[in-house]
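Below is one structure; the comments refer to it alone.
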Amino acid sequence: MNLRIKNFFIAFAMSTFAVLMVGQVESAPDAVGYVTRIQGEATVVTATERRVLALGHALHLGDRIVTGAAARLEARLQDGTVFTLGEHAEFTVQQVRGATPDSDGSTFELLKGVFRAVTTHTDSGQPQPSSPWQVKTPVATIGIRGTELWGGFNLLDAGSNTLDVVMLQGKGVYVESNGQRVELNQAGYGTTVKSADAAPTPSKAWAEKKLQAARQTVAW
């Protein structure tokens, strides 16, 4: 066998192996979503393991995603949601609609950092989803109805326990804390929760500087 033919077979074998590996990632059992974009370091921490994430890796219920300095992570879930995490975030996938027989909604937890999410039915001509979509945080719960939104802590050095939420477009967002609920029904309107014992501030339009600062935290 001459060198050219030998190199051809080696290259063919490596390509076939790569395709098989991609197929294994895409068909991971019990996956509820996949990493669609990544920058810097991001890991998944579970009760039994810690693994580094890469493009195409599967996400599962119970995964706690932790991002490093200057990191970004984008993932698409089986309920149609696309979320982006900024640096130093801790974000847990608790439930995804359709992942289990009794899952009638999607629930996540943000312990620190920032996120941006685009849920299904953001077009005003589409019906609102009937199942709940929520992000729980240490200070408030964020509920979403077919919306693109941003939420996170310490925006513009407001403090590590201060949560800001803004609706970027779509149907609406509500933020609940200390028995009080604030509705965000207009693009560019947001609210702030300063602690678990504080009610959300009234909905108001964010200044362009604050909006740009929020967007920058999840920009690529």
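Observations, loosely collected:
- Filtered residues of segment 115-132 (kept if over 21 Å from residue 192 (Cβ atoms) and either at pLDDT 85 or above or under 12 Å from the mean Cα position of the chain (by Cα) (or both)): 118, 119, 132
- The residues in segment 146-184 that are basic (Lys, Arg) and either touching a Leu at 6+ places or on another chain (Cβ under 7 Å) or buried (at least 17 other Cβ atoms within 10 Å of the Cβ) (or both) can be counted, and the count is 1.
The values are calculated or read from the model by the stated rules, or taken from the named source; none is laboratory data. Bear in mind the structure is a predicted one, so any value in this text is a computation, not a measurement. Note that we place each Cβ from the backbone using ideal geometry, even for glycine, and neighbour counts take in every protein chain shown.
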